[in-house]
1. Please work out the ratio of the alpha-carbon Rg of segment 92-164 to 2.2 N^0.38 Å and round it to two decimals.
2. Taking only protein heavy atoms and a 1.4 Å probe, what accessible area per residue, in Å², does segment 121-171 have with all protein chains in place?
3. For LYS56, give me every one of the aspartates and glutamates with a C-alpha distance below 19 angstrom, ignoring sequence neighbours fewer than eight places off in its own chain.
4. Tell me, what % of the accessible area of segment 71-273 is carbon and sulfur with a 1.4 angstrom probe?
5. Any chance you could look up the accessible area of HIS112 with a 1.4 Å probe, heavy atoms only, rounded to 10 Å²?
6. If you take the alpha carbon radius of gyration of segment 225-269 and divide it by 2.2 N^0.38 Å, what ratio comes out, to two decimals?
7. Would you tell me the accessible area of HIS212, worked out with a 1.4 angstrom probe on the heavy atoms of the protein chains, in Å² to the nearest 10?
8. Using only protein heavy atoms and a 1.4 Å probe, report how much of VAL310 is accessible, in Å² to the nearest 10.
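The values are calculated or read from the model by the stated rules, or taken from the named source; none is laboratory data. Note that the structure is predicted; figures quoted are calculated from it, not measured. In case anyone asks, the SASA skips ligands and DNA or RNA and just uses the protein heavy atoms, side chains included. Shrake-Rupley method; radii C 1.70, N 1.55, O 1.52, S 1.80 Å.
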Amino acid sequence: MAKTKTTYYCQNCGTQYSKWVGQCQVCKEWNTVVEEVVSKKEQKKGGIPAGKISKKIWDLSEIDTKEEYRIPTNNTELDRVLGGGIVPGSVILLGGEPGIGKSTLMLQIALHLPFHTLYVSGEESPKQIRMRAERIGYENPNMKLLFETNTQKIFHQLEKFQPDILVIDSIQTLHTDYIESSPGSVSQIRESASEIIQYAKSTGTPVFIIGHINKEGQIAGPKVLEHMVDTVLQFEGDRNHLFRILRASKNRFGATSEIGIFEMYNKGLREVSNPSNILLSTHSEDLSGTAIAVATEGIRPILVEVQALVSSAVYGTPQRSTTGYDIKRLHMILAVLEKRMGFKLAAKDVFLNITGGIKIDDPAIDLAVAAAILSSNNDLPIPSSWAFAGEVGLTGEVRPVTRIEQRIGEAEKLGFEKIFISAHNKINPADFKIEIKGISEIRDLNEII
Ligand code: TYD
Ligand code: MG
């Protein structure tokens, strides 16, 4: 009998150790290092189906560089994020927190595909999936279900069924015969995934792998998977809000700057093709403390509403809290307002909120943040027909932002009357119908408001 070989893996980041340690030296988490049995059993015959593509040695000039063929998914948001559709033989990892809607998204995509799709589920019972499909309200005889968690048994079925597209829900439930540690452990995930990737590459079948991520934002344990797959998609959003954002954090076949926006409703996920319309809250009268920012996500401009509430601090230390905006940037903007404009904000609580539950990293919303804070502090409303796009620097200067033409165009399209941008942004006002006002110093905001 072969000696059992064990090794230690950090369940958080996947780092391997030869002996147990209390704290992972890489991710600094405590008590995440676990012993796993990794003795590989002899590979039996009939595991992974034999490859269709023979390996040959290429001359670079022989290789066809024609645009890669892509399979459209009938879902514009997903296609955009993937860079135009699914590339045959590619492996796409879809990560997201439990309950965010990964299974719903994949089931919905599978139900709309005109190809033979096999949905392998190790998480939910046939009844649950049937009920979800009924809720989505779509039927597709081309989509088949398989309830199996053993990879060898899955490959056995795949050999018979030969699907055009494969969905694995989720990688954490799979286990392979060749590794003895429990499902969900780092070595199981790594081995199961590598078998699936080998299957995808040898047969040219695209595979979607669903993976749960923990609250730290890493695909639990299998951060290790990210370098193995072709594309890593993150499905994110606030579970209490309706909006979900699909982002590519890695894409071998396209850009990673595009995002897809979905709305969760009672019949699955709806594509949001014009996000600005929905992200702006619907009140007709002007209220103090709100300002509209023109942000961009990928190459798409979107308008978001920034809400600020400035009130006298009840306790000694004032509170600062944000949703959807970086708290450090808020501290920076408050310091700039204090230093450059002499506002006594140190004794005030400041709350900041981006409506719609989405998170924006674009620095172009700084100007709207500063405007919303001033508006709330002075209790003077900003007209709801005004929009802002500018970055605020430490010296109080309003800095130009990228894609300004698209931003102005979007604000104009949505019926805004005035847009405030950096005076340093070079644009021709005659190109636009909307009134454009350039400001160079944050101080100038005061007169405006
Ligand atoms: P699910 O796809 O099971 O999440 P994950 O696979 O990422 O764990 O999503 C479940 C959530 O979505 C659940 O809270 C219910 C909600 N939901 C809707 O709001 N509408 C729907 O039509 C469906 C199918 C689910
Ligand atoms: Mg699920």
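1. This ratio for segment 92-164 stands at 1.10.
2. 56 Å²
3. Cross-link targets: ASP64.
4. Of the solvent-accessible surface of segment 71-273, carbon and sulfur hold 50 percent.
5. Looks like 60 Å² after rounding.
6. Taking N as the residue count of segment 225-269, the ratio is 1.32.
7. Approximately 40 Å² of HIS212 is accessible to the 1.4 Å probe.
8. 20 Å²
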